[in-house]
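Written below as structure tokens is the structure these notes are about.
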Amino acid sequence: MYPDISDRIEARQGDITLLAVDAIVNAANRTLLGGGGVDGAIHRAAGPELLAECRTLGGCPTGEARLTRGYRLPARYVIHTVGPVYRGHPRDSRLLAGCYDGSLQLAVDHGLHSIAFPAISCGVYGYPIRDACRIAVDTTLAFVERQRSIEKVIFMLFSPGNLAVYQDYLARRGVG
Ligand code: AR6
């Protein structure tokens, strides 16, 4: 169904701040002024210039994304997106899909070819990993299928358990 898709999408385990891709995605909050989890790790690794640029953005609504430079990160850019706090409502999945679509669209708009995502909303925001994985993979597959300029998408999972969930679902979708 997707001829070269296995070369363009992969799941890995590790720390997203170490990836030398065009953009890493940050699971931020609406202030864009930092926090814990992957957000804290990205700000620590990028240095204070990242927070200074974030202050100029005036926040970001849930389900949307904003781009900054990567500063001291190996990644050139950071795409900050705000996932929903999980409430078990249909709106949650639309907002989470918006994070993936919006981040990928920003990458295309800025001529970027490689992007890495954490498991947005799957930490303190409480989204169940299996549901979130389906949304992440389905949204990304649909996007890269129609937008050939995205050459590489990495799903960077922090835990072996979350990696296994992604690997299983990617295999079910015929990837990998
Ligand atoms: N690399 C990859 N994944 C990571 C890393 C890392 N270095 N660190 C954590 N994760 P979370 P959320 C995983 O809580 O649920 C912040 O305070 C983590 O194990 O970072 O969207 C923001 O400011 C989990 O699977 O993000 C917001 O207030 C996933 O990243 C709020 O948390 C996301 O967990 C956002 O909550």
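The values are calculated or read from the model by the stated rules, or taken from the named source; none is laboratory data. What you see is a predicted model, and the numbers here were worked out from it, not measured in a lab. Cβ: placed from backbone, ideal geometry, glycine included. Neighbour counts: every protein chain shown. We work out accessible area using only protein heavy atoms, side chains counted, and drop any ligands, DNA or RNA first. Shrake-Rupley method; radii C 1.70, N 1.55, O 1.52, S 1.80 Å.
A few remarks follow.
- Exclusive hit being touching an Asp or Glu at 6+ places or on another chain (Cβ under 8 Å) and of a type in the set (D, E, K, R), set R8, R12: R8
- Taking the criterion of being open to solvent by less than 20 Å² (accessible area, probe 1.4 Å) and more than 8 Å from the ligand (Cβ to nearest atom), the residues of the range 34-50 that qualify are A46, G47, L50.
- Counting only helices (runs of 4 or more DSSP H) that sit wholly inside the range 44-158, those with at least 3 residues that are modelled with pLDDT of 95 or more and within 27 Å of V175 (Cα to Cα) are 90-109, 129-146.
- Qualifying residue in the range 22-45 (condition: basic (K, R) and out of contact with any strand residue (DSSP E or B) (no Cβ under 7 Å at 6 or more places or on another chain)): yes
- Filtered residue count, the range 111-128, keeping only those that are more than 14 Å from the ligand (Cβ to nearest atom), open to solvent by 10 Å² or more (accessible area, probe 1.4 Å) and in contact (Cβ under 8 Å) with a residue 60 or more places away in the chain: 2
- Checked against the criterion of being among the acidic types (D, E) and in contact with a Ser or Thr (Cβ under 8 Å, 6 or more places away or on another chain), the candidates D138, D101 yield just one match: D101.
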